[in-house]
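Derivation of every value follows stated rules applied to the coordinates shown; laboratory data play no part. Only a predicted model underlies this, so the values are computations on that prediction, with no experimental measurement involved. Cβ coordinates were reconstructed from backbone atoms using ideal geometry, including for glycine residues, and neighbour counts include every protein chain displayed.
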Amino acid sequence: MRIQNVRVVGLTHLPHMETYRATLQLLTDRGGITLNCKARLGENAPRPDILRTLLEDAISQLGRMPEVRTGRQTVELAENALHSELNEA
């Protein structure tokens with residue numbers, strides 16, 4: 001499975017938990033996947049760090065899927081998958 005594009009929806013900071021939460025919509029070569037993700041970072045974390053940490057959580061969740069866990073499928077990330085989100089204000 002190759003993640004070609006990532007869209008971040010509903011990015012929210014929860015200061016009492018030092019956590020960001022968002023829904024990540026992953027466009028892959030096999031279709032779309034939507035995951036609820038979290039990033040444990042402080043309030044002033046730079047946006048690129050937040051997005052990368054959210055994506056790490058998404059990939060970790062994908063790793064628990066049976067087809068990935070058993071090795072029948074691998075997860076790859078296109079180099080520019082986060083490009084549009086990183087360039088968003």
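Tabulated values for the structure
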{"quantity": "CD proxy at 222 nm, helix term only [per DSSP H run n ≥ 4: -39500 (n - 2.57); per residue of the chain; nearest 500]", "calculated": "-7500 deg cm²/dmol"}
{"quantity": "GluC sites (Glu not before Pro) within region 42-83: DSSP coil, no more than 12 neighbouring Cβ in 10 Å", "calculated": "Glu43, Glu79"}
{"quantity": "Distance histogram in 10 Å bins (all Cα pairs of the chain, percent per bin)", "calculated": "17, 50, 26, 7"}
{"quantity": "Degrees, to the nearest 10: 47-63 long Cα axis against longest axis of the chain", "calculated": "30"}
{"quantity": "Net lengthening on full extension, Glu67/Leu86 (0.36 nm per residue, minus Cα-Cα)", "calculated": "3.9 nm"}
{"quantity": "Trypsin sites (Lys or Arg not before Pro) within region 6-89, DSSP loop, no more than 13 other Cβ atoms inside 10 Å", "calculated": "Arg30, Arg40, Arg64, Arg72"}
{"quantity": "Value of relative contact order over region 2-78, rounded to a whole percent, pairs C-alpha under 8 Å and six or more apart", "calculated": "29"}
